[in-house]
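Visitor: Below: one structure in structure tokens.
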Amino acid sequence: MDKKNVLYHALQYVGVQEFTTGSNPIIQKWFETFSVATGYNYSHLDDGELAWCAVWVWNMLHDNGIHVDLLYPQRAKAYADFRKEVFLDESQRGDIVITYRGKKSAPTGHIGFLVSQTKSSVYLLSGNHGNSVSVAKFPKSKVLSVRDFEYVKRGELWVNDSLPFT
């Protein structure tokens, strides 16, 4: 369960996009898997009816055996409480990046996996940016949180869950 495996898995979906009418069966499958596992019923929606970036991230993690224990996992900004927070300047390829739209306090946001960064931008692999899975550029000034999902809290300690247990 490491970032590299999740990122490689997620990369295979670059180019998957919404259909102009009806739902793309791949995106619909993500809705169905999410609905069954979480109890939120999105399986009946067309992919154009829901901002599905967080559902896509949830599926990429789920497909790699990573449990997402959040109250509202269908919301990008909910992931600001997921696993261990890291500073952007210490982030690594594959970390989860949550951005905000409009005001920082607004409920809307976007989520994806960090691919790379420059002095002023991050490049995220994400679902539902431009209605497809793609790599897109976001200003660092819009980054709300960066999460390293390889770490889980065990009592008061953060433990790297991808390392072999000894």
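Visitor: Output the residues belonging to region 117-128 that are farther than 15 Å from Leu7 by Cα and surrounded by fewer than 19 Cβ atoms within 10 Å (Cβ to Cβ).
Guide: First, pick out the residues of region 117-128 that are farther than 15 Å from Leu7 by Cα: 117-122, 128.
Result: Thr118, Lys119, Ser120, Ser121.
Visitor: Here's something else I'd like to know. Out of Asp81, Asp89, Asp69, which single residue is over 15 Å from Ser145 (Cβ atoms) and among the acidic types (Asp, Glu)?
Guide: After ruling out the rest, the residue left standing is Asp69.
Visitor: Quick one: count up the residues across region 27-43 that are loosely packed, with under 14 Cβ neighbours inside 10 Å and closer than 29 Å to Arg93 by Cβ.
Guide: The number of residues fulfilling the criteria is 1.
Visitor: List the helices (runs of 4 or more DSSP H) that sit entirely inside region 1-88 and contain at least 3 residues that are more than 18 Å from Leu124 (Cβ to Cβ).
Guide: The qualifying helices (runs of 4 or more DSSP H) are 25-38.
Visitor: Same structure again: Inside region 60-90, can you point out the residues that are over 11 Å from the mean Cα position of the chain (by Cα), closer than 21 Å to Ser141 by Cβ and not β-branched (Val, Ile, Thr)?
Guide: Matches in region 60-90: Glu85, Phe87, Leu88, Asp89, Glu90.
Visitor: Please state which of the following conditions Lys77 fails to meet, knowing it meets all the rest: (1) in contact (Cβ under 8 Å) with a residue 60 or more places away in the chain; (2) of a type outside the set (S, T, N, Q); (3) surrounded by fewer than 16 Cβ atoms within 10 Å (Cβ to Cβ).
Guide: Every condition holds for Lys77 apart from (3).
Visitor: Related question: Identify all residues within region 14-44 that are modelled with pLDDT under 90 and closer than 24 Å to Ile98 by Cα; write none if there are none.
Guide: Here is the first cut: in region 14-44, the residues modelled with pLDDT under 90 are 20-23, 39-44.
Result: Gly39, Tyr40, Asn41, Tyr42.
The values are calculated or read from the model by the stated rules, or taken from the named source; none is laboratory data. Since the structure is predicted, the reported quantities are computational estimates derived from the model, not experimental observations. We place every Cβ from the backbone using ideal geometry, glycine too, and count neighbours over all the protein chains shown.
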